[in-house]
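> I have a structure here, written as structure tokens, and I will follow up with some questions on it.
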Amino acid sequence: MTSADFFDLDIDLLEPGPWSNLGDWSQAGSYQEACRHLAERVGKAAHLNSGNLVLDIACGFGASLDLWVSAYGAARVDAVEFRPSCVSAINQRRTAGAGKAVVGDMRHCWKDHPFPRGAYDAVISVDAAYHFGSLRPFINLAAETLRPGGRLAFTTIMRKPDATAPLLLKMALRLARVNTQHMYLQNDLTNALAQGGFDHCNIEILDTQVLSGFEKFVAQLSPVVFNPRWWQISGTARLCRSLRQAYHYVLVSAERKSN
């Protein structure tokens with residue numbers, strides 16, 4: 001097992017289904033329901049409407065792609081995902097509104113992406129942006145591909161002011177492919193978006209809905225002691241608890257400037 005898949009959770013141990021994220025547990029009774037609620041929260045922040053052209057970054061097995069079409073009426077959804085098995089599964093079950101899904105490592109594919117510039121109404125990423133290394137190339141990609149007035153919405157991890165992360169927490173985050181050197185304070189994140197060509201920035205803190213919610217959900221499950229994948233799930237729940245010492249889990253949305 002490598003650091004690339006250490007926190008790639010075995011969803012069948014939680015609840016079989018197409019969704020895989022930390023979930024929004026504010027009104028959810030099951031794992032799959034919580035995952036969908038988190039995606040819906042991001043979709044609403046992106047102001048998705050019927051007929052929109054959407055680009056989904058790090059879409060996993062593509063449950064969100066179906067959601068943007070079925071619940072919001074998106075006309076077409078393109079996507080990039082770093083796991084070839086996910087992209088293969090998406091392309092094998094193409095549905096109405098399905099666009100192009102491509103394999104791409106989000107840490108390195110920003111410059112040579114195959115997506116049309118200035119074409120999308122929304123760029124979305126659900127529970128993945130903190131794996132991107134740095135948000136600046138991600139912001140630049142969104143600015144390049146969005147039409148003027150288009151919306152960017154994503155969830156990520158943001159530093160708390162006047163808080164220092166313990167060394168063990170930083171080590172755990174590195175194992176989970178999270179680079180703490182590129183985590184912003186709120187003002188820095190807002191400034192990075194403004195410099196990237198965005199305004200009307202909004203940041204919503206979701207520590208209770210997401211971090212606490214996932215931790216509490218895992219705590220009530222029966223441990224599968226001899227399955228190493230269970231310990232990944234348990235470790236992720238403990239990481240959610242530890243994160244709150246120095247970080248916020250946030251939903252970020254902004255609008256591409258018109259000029």
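All of the numbers you see were taken from the coordinates with simple rules; none came from a lab. Keep in mind that what you see is a predicted model, and the values were worked out from it rather than measured. A quick note on method: Cβ atoms are made from the backbone with ideal geometry, for glycine too, and the neighbour counts reach across all protein chains shown.
> How high is the relative contact order of the chain, in percent, with contacts defined as C-alpha pairs under 8 Å that are six or more residues apart? Provide the component values of the computation, followed by the final result.
Values: 473 pairs, mean separation 56.0, N = 259.
Answer for the chain is 22 percent.
> Which of the peptides 233-243, 163-173 is most tightly packed, and how do the rest follow, going by the mean number of other Cβ atoms within 10 Å of each residue?
On the way: 233-243: 17.9, 163-173: 14.3.
Ranked by mean Cβ neighbours within 10 Å, highest first: 233-243, 163-173.
> Run the simple label-point estimate for Ser50 and Arg238 please: 7 Å along Cα→C-beta, distance reported in nm.
5.1
> When you count, for each residue, the other Cβ atoms within 10 Å and take the mean per peptide, how do 23-36, 195-208 rank with the highest first? Can you show the working numbers first?
Numbers: 23-36: 19.5, 195-208: 15.9.
The most tightly packed comes first, giving 23-36, 195-208.
> For the stretch 214-238 and the stretch 47-73, what is the separation of their C-alpha centers, rounded to whole Å?
For the stretch 214-238 versus the stretch 47-73, the Cα centre distance is 30 Å.
> What order, most packed first, do the peptides 61-71, 123-133 have when packing is the mean number of other Cβ atoms within 10 Å of each residue? Before the final figure, lay out each step's value.
Values: 61-71: 20.8, 123-133: 23.5.
Final packing ranking: 123-133, 61-71.
> What does the C-alpha gyration tensor say about the overall shape of the stretch 3-84? Classify as rounded when a/c is under 1.5, otherwise prolate if a/b is larger than b/c, or oblate. Show your work: numbers first, answer last.
Working: a/c = 2.26, a/b = 1.33, b/c = 1.69.
It comes out oblate by the Cα gyration axes.
> Next question, about the same structure. Give, rounded to the nearest 20 debye, the magnitude of the charge dipole that the chain has about its Cα centre when Lys and Arg contribute +1 at Cβ and Asp and Glu contribute -1 at Cβ.
The calculation lands at about 380 debye.
> Check cross-link reach from Lys257 to the aspartates and glutamates: straight Cα distance under 17 Å, and skip same-chain residues fewer than eight apart.
The reachable aspartates and glutamates, counting only those whose Cα sits under 17 Å from Lys257, are Asp121, Glu144, Asp199.
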